[in-house]
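Encoded as structure tokens, the structure appears first; notes follow it.
The values are calculated or read from the model by the stated rules, or taken from the named source; none is laboratory data. Model, not experiment: these values are computed from the prediction. Here Cβ is always computed from backbone atoms with ideal geometry, including for glycine, and neighbour counts include all displayed protein chains. Accessible surface areas use protein heavy atoms only, side chains included; no ligands, DNA or RNA. Shrake-Rupley method; radii C 1.70, N 1.55, O 1.52, S 1.80 Å.
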Amino acid sequence: MTSGDTAALDDPVGESLRGRHAGLGRRLGRAATYLSHIATFSSVPADADAADWADLARLLGHQAFADMFSCPASPPSDWEPVFVLEGRQLIWPGSSRPDQAPAVAGTEVVELGAADAPQMLDLVARTQPGPFWPRTYELGTYLGIRDGGRLLAMAGERLRPPGWTEISSVCTAPEARGQGHAARLVSTLIARILARNERPFLHAAETNTGAIALYERLGFASRKHVTFRGFRTP
């Protein structure tokens, strides 16, 4: 698969777990899932059969949550539906670098890691940008904007299928919104990803019109509609 081939984006969870994130997950047969403290995303092939779903159930355990992301396969009838969310996949259309968003006086962009996890989890709890667990930051580079000791905003790298890096967990504290922090972080991540000769992509809920508008202003283009689904194992 060539770098930037959009076919990899049709199964971003599976492609990541078969490649650069293999060490962050578990696999049985054609089923795979992340370690639970990193992510709840799971994968089976689009043509999954009963054996594939049984393997995933064994990986996850009894009455466990399976976030199937955008996998189109339908599980057996004894898997309990948990949620359905309509969304959109957007991609960076080429190799051009984005305009860098201006900095706010007194703030700085910093890389975040294990020592920052408590503040990252607190910011996620207050802003609800999507799934984020105690070790999600291990999926890639996470950046934050600080004002003194306060973490005002963050964004990071999540799924990493061949040739691509997903930007995710884009969030800003309520008291710091409207100052361009999200645009600054996303622009910085885009530049870093392009410098690795990869292309950025991201996902957004269709109802999150503000985020979609921001991404389109930055230069992202919609690739396709996706449906996110979660289930509970029997």
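Summary of computed values
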| quantity | calculated |
| --- | --- |
| Selected residue (only one of 85, 17, 9 is under 19 Å from residue 228 (Cα atoms), in contact with a Phe, Trp or Tyr (Cβ under 8 Å, 6 or more places away or on another chain), open to solvent by 20 Å² or more (accessible area, probe 1.4 Å) and not acidic (Asp, Glu)) | 85 |
| Within the stretch 133-152, considering residues that are of a type in the set (D, E, K, R) and without any contact (Cβ under 8 Å) to a residue 60 or more places away in the chain, the one most open to solvent (accessible area, probe 1.4 Å) | 150 |
| Close pairs from the stretch 7-27: first over 18 Å from residue 138 (Cβ atoms), partner open to solvent by 50 Å² or more (accessible area, probe 1.4 Å) and outside any loop (DSSP other than H, G, I, E, B), Cβ under 8 Å, at least 6 apart | 9/223 |
| Of the criteria (1) closer than 19 Å to residue 215 by Cα; (2) modelled with pLDDT under 95; (3) of a type in the set (S, T, N, Q); (4) open to solvent by less than 60 Å² (accessible area, probe 1.4 Å), which one residue 168 fails | (2) |
| Tally of residues being within 15 Å of the chain's Cα centre (by Cα) and either open to solvent by 50 Å² or more (accessible area, probe 1.4 Å) or at pLDDT below 95 (or both) across the stretch 41-52 | 0 |
| Pair list, Cβ under 6 Å, 6 or more apart: the stretch 119-132 residue under 14 Å from residue 155 (Cβ atoms), other residue of a type outside the set (S, T, N, Q) and part of a helix (DSSP H, G or I) | 132/124 |
| Candidates 102, 76, 129, filtered to the one that is open to solvent by less than 90 Å² (accessible area, probe 1.4 Å), outside any strand (DSSP E or B) and modelled with pLDDT under 95 | 129 |
| Answer residue from the stretch 185-220, given it is among the polar types (S, T, N, Q) and closer than 17 Å to residue 86 by Cα and is least open to solvent (accessible area, probe 1.4 Å) among those | 208 |
| Filter result for residue 178 (at positive phi and either open to solvent by 30 Å² or more (accessible area, probe 1.4 Å) or in contact with a Gly (Cβ under 6 Å, 6 or more places away or on another chain) (or both)) | yes |
| Selection count, the stretch 28-40, where residues are in contact with a Ser or Thr (Cβ under 9 Å, 6 or more places away or on another chain) and surrounded by 15 or more Cβ atoms within 10 Å (Cβ to Cβ) | 8 |
| Residue within the stretch 53-61 that is touching a residue at least 12 places away in the same chain (Cβ under 8 Å), more than 26 Å from residue 204 (Cβ to Cβ), assigned to a helix (DSSP H, G or I) and open to solvent by 70 Å² or more (accessible area, probe 1.4 Å) present | yes |
| Residue 71 being in contact (Cβ under 8 Å) with a residue 60 or more places away in the chain, surrounded by 13 or more Cβ atoms within 10 Å (Cβ to Cβ) and in contact with a strand residue (DSSP E or B) (Cβ under 8 Å, 6 or more places away or on another chain) | yes |
